[in-house]
Each structure stands twice: as structure tokens, then as C-alpha cells.
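A short write-up of the structure that comes next.
The values are calculated or read from the model by the stated rules, or taken from the named source; none is laboratory data. Please read these numbers as outputs of a predicted model, since none were measured by experiment. Positions of Cβ are backbone-derived with ideal geometry, glycine not excepted, and every protein chain shown enters the neighbour counts.
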Amino acid sequence: MRIFVLSLPSSSERRSRASAKLAREGIPFEFIDAVDGRTGQHPYLSNYDEKAFLINRRRKAAPGELGCYVSHVLAWEKCVEIDEAVVVLEDDFEITEQFAAGLKFIEPYVDRVSFVRLEPLESRFFVRSVKGEHFSLVKQVKVGMCATGYVITPQGARKFLETATAIRYPIDLFLKYTSIHKQLMHALIPRVVYPTHADSIIGIDARNAREKGFVLGLRRFGAKWRFVAANAFVNLRNIGTKF
């Protein structure tokens, strides 16, 4: 599988660190130029739905968050264009010594999955699809946050792209909300990627900021629990009917 690293062209230090990590393991890769949401120059940034984002996160999107979202969409478009499963990494990734072996384990199943999380699970609720000697491919009952590293297949990318045009959530929340895209989200155990969160251009303060207001809080509460219920229904249905 081809490996794509999302990185801003101007982030020379982050690119250098990412290159060194993969070169150390002899792993070829390509950069995809990430979008800088702070400049507002990419046309996809105009798809930001501020009203919906406020309801879904009780805050406005950080510029870096918008750029991150669009960058992942560009990676999915690349996956569809070349019509093969690919690995997508954000440039603050770290990999384990079993990274290459983990990808090799996934390869026979790429025609049967949409998405495989490569970083740590956030929940122990899962169902195994395949158990090997060193790895397992599992179905996530409760999908985790973060999008540091994953495998995306053409069939999965097409489904994501059908519903990802409007930017109403951070990218990892879009992935978590399976009621939107209807895809079964697999994960690899043990994880072979983990985030470092080094020098994030989004920032913790931006992630934790919240707008005040009783009505907004009430709408956020309602939206959150509607998604919780809808996601649970979709995940359980997928787990019972799909590989």
C-alpha cells in the first residue's frame, strides 16, 4: 500500500521528522501538501458550516481544524483517483517496529473493509473479524477520536466523500459519527501508529474552548445524544451484517 503523509509545505521541521521516522524503517512514502486553514485560500474551506459546527462542538472551528479536515478529504480523493487502498498519516505520527508487518496483515482484507484505524483504540468494545498470530482486525463498536493514522480503501473513500462536503465537525468526529457515512470502522490490534501531538497548529485551547449560552448548550446536548443513539444503531447493525 502506498503511504501518504499529510503535511504543510511550510512545515519543514515536521516534514524532516516524518521523513526520518519512515526512512529509519526503510518505508517509502509520499507527502500530500496539507491545506493551511489560516490562509483561507483553498476552495473547499468555503464549505465550512459555522452554524452546524457551533451546535456540534459548542464552538467555532479553529482555522487549523478546517485545514486538517480539507487535507484528509484530499487524501480520500487521491485514494479514489488511484483506485487502491492507501495509508494516511498526519505528520505528527509515531510508528512502532511492527508498522510494516501490520500493514502486510491488513492487505488481504482491503477489498472487504472501508477503513482501518492504526492508532490505539479508545474503547475495549469491539468484535474480531480476523485473528492472526500477531495481529487482529476488529470491528469498533465505539469508534475512537483522532485521525493520526489509518488505512482507507477506495470503497470507503467514496462513501466518505459522499457526505463530507460540508464541514460541520472536526475530521475525527466525522469519522466517529458513523450515522453520517454508514461505514463499518475497523481497527488493527495492537496499534502500529500513535500520535505525538507535537506543535499542533490547532492547539489545545482551541479544542477546549466553548461558546456560552443556554440555548446553544441545549442544542449541543440534543445533537450529541442523537448522534450517540444513531451511531450505536449503525455500529451494531454493521457489526452484525458485515465482515
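Observations
- Under the condition of being modelled with pLDDT under 85 and either over 22 Å from Val110 (Cβ atoms) or of a type outside the set (Val, Ile, Thr) (or both), the residues counted in the range 226-243 number 1.
- Enumeration of residues in the range 120-131 that are out of contact with any Leu (no Cβ under 9 Å at 6 or more places or on another chain), surrounded by 12 or more Cβ atoms within 10 Å (Cβ to Cβ) and farther than 16 Å from Asn231 by Cβ: Pro120
- Any hit, the range 35-56, residues being within 17 Å of Val193 (Cβ to Cβ) and among the polar types (S, T, N, Q): no
- The residues in the range 38-62 that are more than 24 Å from Lys224 (Cβ to Cβ) and of a type outside the set (A, V, I, L, M) can be counted, and the count is 8.
- Looking only at residues of the range 192-225 that are among the β-branched types (Val, Ile, Thr) and either at pLDDT 75 or above or in contact with a strand residue (DSSP E or B) (Cβ under 6 Å, 6 or more places away or on another chain) (or both), we find that the one that is nearest to Leu54 (Cα to Cα) is Thr196.
- From the options Val130, Val87, residue that is free of Cβ contacts under 8 Å to residues at least 24 places away in the same chain and farther than 19 Å from Ser179 by Cα: Val130
- Scanning the range 156-172 for residues that are out of contact with any strand residue (DSSP E or B) (no Cβ under 9 Å at 6 or more places or on another chain), in a helix (DSSP H, G or I) and either among the acidic types (Asp, Glu) or within 19 Å of Ala34 (Cα to Cα) (or both) turns up Leu161, Glu162, Ile171, Asp172.
- Count of the range 1-14 residues, restricted to those that are part of a loop (DSSP other than H, G, I, E, B) and either touching a helix residue (DSSP H, G or I) at 6+ places or on another chain (Cβ under 7 Å) or buried (at least 19 other Cβ atoms within 10 Å of the Cβ) (or both), is 2.
- The set of residues in the range 46-61 that are within 10 Å of Ile167 (Cα to Cα) and in contact with a Leu (Cβ under 8 Å, 6 or more places away or on another chain) contains only Tyr48.
- Here the condition is being at pLDDT 95 or above, surrounded by fewer than 20 Cβ atoms within 10 Å (Cβ to Cβ) and among the aliphatic types (A, V, I, L, M); of Val88, Val70, Val80, it holds for Val80 alone.
- Pairs are defined by a Cβ separation below 6 Å, a sequence spacing of at least 6 or placement on different chains, a first member in the range 211-236 that is in contact (Cβ under 8 Å) with a residue 24 or more places away in the chain and more than 15 Å from Arg58 (Cβ to Cβ), and a second member that is surrounded by 12 or more Cβ atoms within 10 Å (Cβ to Cβ) and of a type in the set (S, T, N, Q); the pairs so defined are Ala230/Ser179; Asn231/Thr178; Asn231/Ser179; Val234/Thr178; Val234/Ser179; Asn235/Thr178.
- Test: residue in the range 107-122 that is in a loop (DSSP other than H, G, I, E, B) and without any contact (Cβ under 8 Å) to a residue 40 or more places away in the chain: yes
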